[in-house]
Amino acid sequence: MPRASARRSPAAQRHADTIRFVLFEARPAGLAFAQLVRSSELSPSQARAGLACLRDIIAERGWPPLIWTRADGYKFCSYPAELQAYEVAVIRERFTEIRRFITGVVAPHAVLQPKGRWIRHLNSQLSSVESTLEVISEYLDA
């Protein structure tokens, strides 16, 4: 099956173009999701599909990244400090998700099936991911 970016619908691409236009109009400020929906005249589900498609298009074309912050909402950003802060925040969020998955699902599974090949492999791989994310999430620019 092709990757999501290769199978995106023409409708999602139109929504992405609409969102890109709206965000360029709002620059340098960002837009909260509700503002983005109102400004683009898209439904919330269309806006989410457009945002996902826009991220794929941005990656393909080398455009400035699209970030979301609580203070500014969605916006295009090319400031290294702001991008780094966003990246660290996303990594911290993923680190928390992985850690909770390990402690809430994988560890109890390992107790139930301590000699299982799958659970040993999963546990070792996730421990590696967890330690890597922890190192990144604790990064502070000196």
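The values are calculated or read from the model by the stated rules, or taken from the named source; none is laboratory data. No experiment lies behind these values; they were computed from the predicted model shown. So basically every Cβ, Gly included, is an ideal-geometry build from the backbone, and we count neighbours across all protein chains shown. For accessibility, only protein heavy atoms count, side chains too; no ligands or nucleic acids. Shrake-Rupley method; radii C 1.70, N 1.55, O 1.52, S 1.80 Å.
Quick look at the values:
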quantity	calculated
Some residue of the stretch 43-65 being over 30 Å from SER131 (Cα atoms), crowded, with 18+ Cβ neighbours inside 10 Å and among the basic types (Lys, Arg)	no
Among (1) of a type outside the set (Val, Ile, Thr); (2) out of contact with any Phe, Trp or Tyr (no Cβ under 8 Å at 6 or more places or on another chain); (3) open to solvent by less than 70 Å² (accessible area, probe 1.4 Å); (4) touching a residue at least 40 places away in the same chain (Cβ under 8 Å), the one test that ALA85 misses	(4)
Any hit, the stretch 52-73, residues being more than 26 Å from VAL88 (Cα to Cα), in contact (Cβ under 8 Å) with a residue 24 or more places away in the chain, out of contact with any strand residue (DSSP E or B) (no Cβ under 9 Å at 6 or more places or on another chain) and part of a helix (DSSP H, G or I)	no
Answer from SER78, SER39, SER124, SER128 - the residue that is within 30 Å of PHE24 (Cα to Cα), surrounded by fewer than 15 Cβ atoms within 10 Å (Cβ to Cβ) and either of a type in the set (S, T, N, Q) or in contact (Cβ under 8 Å) with a residue 60 or more places away in the chain (or both)	SER78
